[in-house]
Every structure is written in structure tokens, then in C-alpha cells.
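The values are calculated or read from the model by the stated rules, or taken from the named source; none is laboratory data. These numbers come from a predicted model, not from an experiment. Counting neighbours? That spans all protein chains shown, and the Cβs are built from the backbone with ideal geometry, glycine included.
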Amino acid sequence: MSVTARADCVIDDFARGDRVSALGTVWQGFSDRVMGGISQETVAVTEIDGRRCLRLSGDVRLENGGGFIQMALDLAPAQGTLDASPYAGVSLMVRGNGESYGVHLRTPDCVRPWQSYRAAFAAGPAWTTLCLPFDRFEAYRLTAPLDRRRLRRIGLVAIGRAFRADLAVSALSFYR
């Protein structure tokens, strides 16, 4: 099943107050515990500085081959894909604790759990809107180029080093 991004480009604005996105799919939290790590994540809808948002917090730990926590969203139901080819990239309004985080995109070409297309960003203590063009996303452990016509999942990720993560997002969309 393939769906096309809606004209308004909104992935989620968190207006519902639950973890169901504007696309109708549900935000989920994951950590390296799925592979034996010991990092712990919390994903919760909350309000910060008057903005409803989704917040990822927790400790990224490197023991046992670990090193990540994330909040992720399927972009279409039932393992389908979303056609984001009319858009130039991903826009997100974020705030955090000054650390570096990543937006990870997955397509059907990502057949291993560690494969994705990644773009890094810093999230400071004030709400900031960031625009990450698709050409900034780098393939991680795969050779296929990013196919914007077949996006399956988006994740906001704290990864790669031991640290305390605290990232909130109040708007997420594709932009032209």
C-alpha cells in the first residue's frame, strides 16, 4: 500500500493529545534493549512552554553493544509507504538539552534494523524550527539512494554515545 503525503504536508502537530499522528499511525518508543543493550527511553505527550509536544527522554548507554533510544512513526499503515517526492525535506520544531540528535528515515530498501538515511541536528533549550533537506540525509550501512517516493518510517533518535537525552518535538512535516 502506498499513500501520498497530504497537501498540508503535516506528519504530526500533536493537536490530538495522544500518540496517534496526523497520518493516523502511532508513535512508538524503542531502545537498544531490542538487541541486548541497556538504554532506557520514555516517550510521552506533554506540554512545554505552552506547546503540546512529544518528548523523548532517557539514558543512552553503550554497554552490551547498545547506544540508542528513539521515538518512531510509521508513515503509512500496514507496512505501506508514503510518497514524499513533491517535498524538499523534513521540517521539525524542536527543543532539547543542547545535545545532538538525528532524524532517521527508512524505506523498503532498509532491510536490516540498523540501516537508515540519517541527518543530524542540535536541539537547544528554545523552541526552534529546523528544515532538513532530503539531500542532507546520508545512507547508513546501505548503498541504495534515498527514494523519497517510498518512505516507510521516520525516527527521532539519540544515538552513538553515552548521554542523557531530552528531546521534544511540537511539529513535524514535509516542506516544499
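Structure above, values below:
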| quantity | calculated |
| --- | --- |
| Counted residues, segment 123-147 - those being closer than 17 Å to SER91 by Cβ and either β-branched (Val, Ile, Thr) or touching a Leu at 6+ places or on another chain (Cβ under 9 Å) (or both) | 10 |
| Set PHE163, PHE137: member being in contact (Cβ under 8 Å) with a residue 24 or more places away in the chain, crowded, with 21+ Cβ neighbours inside 10 Å and either of a type in the set (Phe, Trp, Tyr) or within 19 Å of PHE30 (Cβ to Cβ) (or both) | PHE137 |
| Out of ALA158, ALA144, sole residue that is part of a loop (DSSP other than H, G, I, E, B) and touching an Asp or Glu at 6+ places or on another chain (Cβ under 8 Å) | ALA144 |
| Hits in segment 104-134 - residues which are under 20 Å from VAL10 (Cα atoms) and not in a strand (DSSP E or B) | THR107, TRP127, PHE134 |
| Residue in segment 82-94 that is charged (D, E, K, R), over 22 Å from PHE137 (Cβ atoms) and in contact (Cβ under 8 Å) with a residue 24 or more places away in the chain present | no |
| Residue within segment 73-90 that is at pLDDT 95 or above and closer than 13 Å to LEU167 by Cβ present | no |
| Scan of segment 21-70 for residues that are assigned to a strand (DSSP E or B) and out of contact with any Phe, Trp or Tyr (no Cβ under 9 Å at 6 or more places or on another chain), ordered by number | VAL26, GLN28, GLY29, GLN40, THR42, ALA44, THR46, GLU47, ARG55, SER57, GLY58 |
| Close pairs from segment 142-159: first without any contact (Cβ under 8 Å) to a residue 40 or more places away in the chain, partner part of a strand (DSSP E or B), Cβ under 8 Å, at least 6 apart | PRO145/ALA139 |
| Odd one out for ALA76, checked against (1) surrounded by fewer than 20 Cβ atoms within 10 Å (Cβ to Cβ); (2) touching a residue at least 60 places away in the same chain (Cβ under 8 Å); (3) touching a Lys or Arg at 6+ places or on another chain (Cβ under 9 Å) | (1) |
| Set PHE134, PHE163: member being out of contact with any Gly (no Cβ under 8 Å at 6 or more places or on another chain) and either modelled with pLDDT of 95 or more or more than 20 Å from ALA22 (Cβ to Cβ) (or both) | PHE163 |
